[in-house]
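Data first, discussion second: the structure below is written as structure tokens.
Please treat every number below as a calculation from the coordinates, not as lab data. Computed from a predicted structure; not experimentally measured. Counting neighbours? That spans all protein chains shown, and the Cβs are built from the backbone with ideal geometry, glycine included.
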Amino acid sequence: MSEPTAPKPADAPTPEEPTRRSAMLWITGGVGAAAAAAVGVPVVGFLAGAVRARPIDWVPIGKVTDAALFPVNETRLHIFRNPIHEEWDGDSAKTGAYIRNLGKDDKGQEQFWVFSMICAHLGCPVTWFPQSALFMCPCHGGVYYENGDRASGPPPRGLYKMPWRIKEGVLEVQAPHLPTLQDTLEKPSDVVQLGIIKRDRGERA
Amino acid sequence: MKRILKAVANTVGGWFEARLRLKESVMPILEHPIPAGAAGPKGWWYVFGSASMTLLFLQIATGIGLALVYVPSADQAYQSLEYLNYRQPFGWFLRSIHYWSGSGMVVMVVVHMTQVFLHGSYKYPRELTWIFGVCLLLLTLGMAFTGQVLRWDADAYWGVGVGASMAGRVPVAGPGIVELLIGGPTIGASTLSRFFALHVFIIPGLLLALVGGHLWLVITRGISEPPVPGQPVDPKTYDAKYHEEVKKGKPFLGDAMTKDALFSSLVVLVIVALAAIIGPKGPGGLPDPTLTGANPRPDWPFLWLFGLLSLSPAGLETFVMLAFPAVLVVCLLLVPFVSNRGERAPSRRPVAVLVVLVGGTTLAVLTYEGMTSPWSPQMGAWSGDTIPTAVVKRSTPLELQGAAVFQNKNCRNCHALEGIGGKRGPDLSSVGVRLTRDQLIDQINNGTPGGGNMPAYGKHVRPAEMDAMVAFLVSLRPEGQPPAKTAGQTTKK
Ligand code: FES
């Protein structure tokens, strides 16, 4: 029994208090949600932005007729800076392609084999041995023939072929992403291509 | 004088204590009673967890030091590591301690876990403590891997490449995971930044939070008593029994803590000694992906995986890569649910002992295989390892010519002579006893039938070269042994 004038204990129910408190709760919830969204939207946008569109870039390697660059029936490692890179990539922006000039085909068109250095097994760099005409991988012993076919070891397929074209007499290679089994250079995965640029591979001479 | 000092100390201490109130908050935790057995000589089994934590703190201290100088940028990381190694006073030493202490942390966590497993300490009511522990093991390995990447050298670059290639095999989501992992379409600056954030903020944050949870559980559920054969755990009676046991127990602050402190100090001394004597790891080759001849190897905590990946049959490979680690983790997480009662003493749990023995041996063998990696061709053997003179001492000119062909066709990269050269294919020192001329020609021309280990050389060995090389190979026999014959030249193999 308390006196009518004594201050009520805080949790004693009064007619108007439940509505006031629940209004307060609603407001807090609303303001809290707004605050969370204000922070969340840009943060999520930032994180999602890390996955960028893949531009299609072509890298000129050299004049098709330059016999020093592309001797017929010899496989050479050509090194270039991948246009897909950051300013501060340093040496890691360098990329290599094994290119073999196959000479002219029946129609008089120059033909090339262009292979990525990245082993189709688990991505180590393969080395070309002209004496035995084999590509060997230092990691788990994958070996490929000169035409890129798997010769032995754990790789489940041949070397990754890089799209190429001849434009105004210059051999160009498509700037490569890191090729993996489901995301090869010839057939990039749709998963990471969402809404990105229509693919122009140019003429396959 | 002494009395004055003491009075001052008391007043100052009292002033702080009046505000901090440590005596009623922290002291009870430090003095929480532990079973008498765990405070006695058997307490030496209990020192590995605190040693792991000590090394974690050592990692944080040295890591902060390194972060003051290291540049997490793909074009300068390597130089900043060289700067640490050669210019910054004690830079090499800090790097070295960080590497060895990180290695020590992996070792201690595994030892701690093995001890807990063998003593059945994960059983009721410490299931959650074990689960936190499994997560801590994974995070520790995560630190080891991300740390290896920050050492932005060739191994780091290709290590990420291998990790990404493995992730790329995940059905459907693979390519998306790869982009997320390397932070874009290629390995480079964004990859390094991402691994830096993981190694310095994300994983350590999780580690500290989980260590907190782990310790909280240790304190609330108490340290397990040393196992006694014939005293099985029964969740119904365990709590009451433990309560009784602890009444006769000792405070943690005392013998138990002294053991922890002594062991941790010894571990730190060993780590620092190793760091001083052996020095820091790397950086190795330049992070230039176009340098052929790179020979990527993971750091030692992952050599077993490297071995496993190389040795698993092609058909099972994707499973071994993706599902097997997940299965392993799930098994670890399930341990306390599969057996959360019953005997704890190793002498009464032969299966547990067997699991440790078999698991440990498997890991050790795989690590050894990963270290020696006999499956890798030795890229320089054909030009670097000469033919042992003993082999060609009595060779005819044709055989000598064959030896030259043998070297020049890179055969040595996979085939050793007298143990020198690649180990991918068989040592050919006495191949003349095993294979006939015809069999050799067939093998060289067509390779191992069915796409086996040996590639087909048919198109790239001219008839004259083949003649000479086979003559050389047939001559490879221990003295006095006749060349191989197809039995009576009648039965075909
Ligand atoms: S990465 Fe080339 S064989 Fe495994």
Relative contact order (%) - criterion: Cα under 8 Å, at least six apart; region: chain B
18
Expected integer from the mean partner chain Cβ neighbour count at 10 Å over B:16-23 is 0
Which helices count as membrane-span-like in chain B under these terms: full DSSP H, at least 30 Å along the axis by C-alpha, Kyte-Doolittle mean of 0.5 or more?
B:91-118, B:127-150, B:255-278, B:350-372
Using modelled backbone amide H atoms (1.01 Å from N, in-plane), which distant-in-sequence or interchain residues come within less than 5 Å of A:Val170's amide H?
A:Val64
What's the percent breakdown of Cα-Cα distances in the protein assembly as shown across 20 Å bins, shortest bin first?
14, 36, 32, 14, 4, 1, 0
Would you please report the Å³ per residue occupied by the convex hull of the alpha carbon atoms in region B:85-192?
140
Cα shape, region A:58-193, gyration tensor, a/c 1.5 rule
oblate
Dipole of chain B, Cα-centred, from +1 at each Lys and Arg C-beta and -1 at each Asp and Glu C-beta, to the nearest 20 debye?
920
Loop trypsin sites (Lys or Arg not before Pro), region B:19-87, which have at most 11 other Cβ atoms in a 10 Å radius of their Cβ (DSSP):
B:Arg21, B:Arg87
Only counting other Cβ atoms within 10 Å, I'd like B:His243, B:His415 sorted with the fewest neighbours first.
B:His243, B:His415
Hey, which aspartates and glutamates would be in cross-link range of B:Lys459, C-alpha to C-alpha under 20 Å, not counting anything within fewer than 8 residues on its own chain?
A:Glu74, A:Glu146, A:Asp149, B:Asp438, B:Asp442, B:Asp467
Dipole magnitude of region B:156-272 about its Cα centre (Cβ charges: Lys, Arg +1; Asp, Glu -1), debye to nearest 20:
40
Shape box of region B:381-474 [Cα atoms, principal axes, largest first, Å]:
36, 26, 24
With a cut-off of at most 15 other beta carbons within 10 Å, and DSSP calling the residue loop, which GluC sites (Glu not before Pro) in region B:398-487 qualify? Please list them.
B:Glu418, B:Glu479
Computed about the Cα centre, the charge dipole of region B:1-139 from +1 Lys/Arg and -1 Asp/Glu charges at the Cβ has a magnitude in debye, to the nearest 20, of 620
Among the lysines, select those whose C-alpha is under 28 Å from the C-alpha of B:Lys236, and discard any that sit fewer than 8 residues away in the same chain.
B:Lys42, B:Lys123, B:Lys247, B:Lys248, B:Lys250
Specify which residue in the list B:Met371, B:Leu81, B:Ile187 is farthest towards the positive end of the charge dipole of region B:36-372, using unit charges on the beta carbon of Lys, Arg (+1) and Asp, Glu (-1), about the Cα centre.
B:Met371
Peptide ranges B:327-339, B:306-318 listed from the most packed, as the mean C-beta count within 10 angstrom indicates:
B:306-318, B:327-339
Provide a whole-number value for the mean count of partner chain Cβ atoms within 10 Å of the Cβ atoms in peptide B:277-288.
1
If you add up the charges near B:Gly432, with Lys and Arg at +1 and Asp and Glu at -1, over every other residue whose beta carbon is less than 12 angstrom from its beta carbon, what do you get?
+2
Total charge of the residues flanking B:Thr146 in space, meaning their Cβ is under 13 Å from its Cβ, with Lys and Arg +1 and Asp and Glu -1, is +1
